[in-house]
1. Residue 95 - would you say it is part of a loop (DSSP other than H, G, I, E, B), at pLDDT below 85 and at positive phi?
2. Suppose we keep only residues that are touching a helix residue (DSSP H, G or I) at 6+ places or on another chain (Cβ under 6 Å) and under 30 Å from residue 4 (Cα atoms) within the range 46-99. Which one would you say is surrounded by the most Cβ atoms within 10 Å (Cβ to Cβ)?
3. Take the conditions assigned to a strand (DSSP E or B) and at pLDDT 80 or above and apply them to residue 79. Does it pass?
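The values are calculated or read from the model by the stated rules, or taken from the named source; none is laboratory data. Note that the coordinates shown come from a computational prediction; the quantities given were computed from them, not determined experimentally. Here Cβ is always computed from backbone atoms with ideal geometry, including for glycine, and neighbour counts include all displayed protein chains.
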């Protein structure tokens, strides 16, 4: 339970927002098997907000990868001709000329 609301997944809670975790264990009477006899309820209490201006925090990670070794490209290769033709077409459409 999270703040009195039954939930199935505790992974959606930010650990920084947890104030307290309580585990309530119950022992069922003898007709139940040993596996069924011991059950537990996990109660997670989150921190309460305070009055005043809202504070929003945001964490992010951004990575940039640059190629450190590019294989040499032959200027006569078909891919180079296609790329050159593409960029020349794009430049002509924009009214610019490429060298």
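1. Details: part of a loop (DSSP other than H, G, I, E, B): yes; at pLDDT below 85: yes; at positive phi: yes.
Considered against the rule, which asks whether it is part of a loop (DSSP other than H, G, I, E, B), at pLDDT below 85 and at positive phi, residue 95 comes out as yes.
2. 46
3. Working: assigned to a strand (DSSP E or B): no; at pLDDT 80 or above: yes.
So residue 79 fails the test.
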